[in-house]
Amino acid sequence: MPVAASENAKEVDKLFNFMMTIATGLFLIVEGALVYSLIKFRRKKGDTSDGPHIEGNVALEIVWTAIPTVIVFILAFYSFQTYNKLGGLDPVNSRNVPPQQIAIDNNDDQIALGIGKSFGKEALQVNVQAMQYAWLFTYPETGIVSGELHVPNNQPVQLNMTAKDVLHAFWVPQLRLKQDTIPGRQSIISFIPSLKGDYPIVCAELCGPYHGGMKSVLHVEDQDSYEEWIKSNQPVQEAYLEKTLTVDDSSSNEKFLTSYIENMDTEKDTVAELTHNYSHQDS
Ligand SMILES: [Cu+2]
């Protein structure tokens, strides 16, 4: 298993190790009995007689039905407990959804999908948009838009995710978290990172020919380097925003952009789509 980079991951690992222990024990008992019988009850040379005729054994059948049943119930109970501990039944996944910056059609009455405890306003909110074939992370508090996810260590993070085109899946093996991102709907995961480092963000849902290249990086940093990253990214964004706002006073982004892309062999539809997205992010 890769390193466990969050508190959630440790819970998942405990469940996994428990299941693995039972499975290994069962494997050894069943295979051991098989190998033992192969050797012990092998036909002796010259022995052509039949084996003893055995017709069922009620006690034995009850035992070998009861033991797996008990094991399955224990595993079901333990899995459910872990799911609950990770926040699977938490209200974050019902109505209490923070406003998304990216426009989503009609999600007021829908239940948000996902897993994670509800940390409320305490959590760092990051909006995640998945698209063919990239991840886009927006920090609503600072206005930063990034292709990488930076989070401070030991602080709750809530990812509000959606997809622009087709189904994708946000997966960070080191967090033991995987969640589909869905066009037109919001899904949420929350976690508390507990180990500094850089971890891969992988798309885990076949989403098109370049699906394999749809990767990004999760940087779990100490508070200082995180704030430094925020600072170093913010001025660029602000300067850019100011520039676009002053030039673009007629709210016709298309006109503004057209002068730049005239020689770039770009379709008019693409420009329209781009400006559409920008106007959503501004509001
Ligand atoms: Cu994808």
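The values are calculated or read from the model by the stated rules, or taken from the named source; none is laboratory data. All of these numbers come straight from a predicted model, not from anything done at the bench. All Cβ positions, even for glycine, are placed from backbone atoms using ideal geometry, and neighbour counts span all protein chains on display. We work out accessible area using only protein heavy atoms, side chains counted, and drop any ligands, DNA or RNA first. Shrake-Rupley method; radii C 1.70, N 1.55, O 1.52, S 1.80 Å.
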Solvent-accessible area per residue, Å², over region 133-230 with all protein chains present [probe radius 1.4 Å]
39 Å²
Most to least packed among 35-46, 122-133, 144-155 [average Cβ atoms within 10 Å]:
122-133, 144-155, 35-46
Among 49-58, 221-230, how do they line up from the highest to the lowest mean number of other beta-carbon atoms within 10 Å?
221-230, 49-58
Post the alpha-carbon centroid distance, region 19-48 to region 113-165, in whole angstrom.
52 Å
May I ask you to compute the full-extension gain from Thr48 to Glu228, defined as 0.36 nm times their residue separation minus their alpha-carbon distance, rounded to one decimal in nm?
56.5 nm
Beta carbons within 10 angstrom, averaged per residue: use that to sort the peptides 69-77, 135-143, highest first.
135-143, 69-77
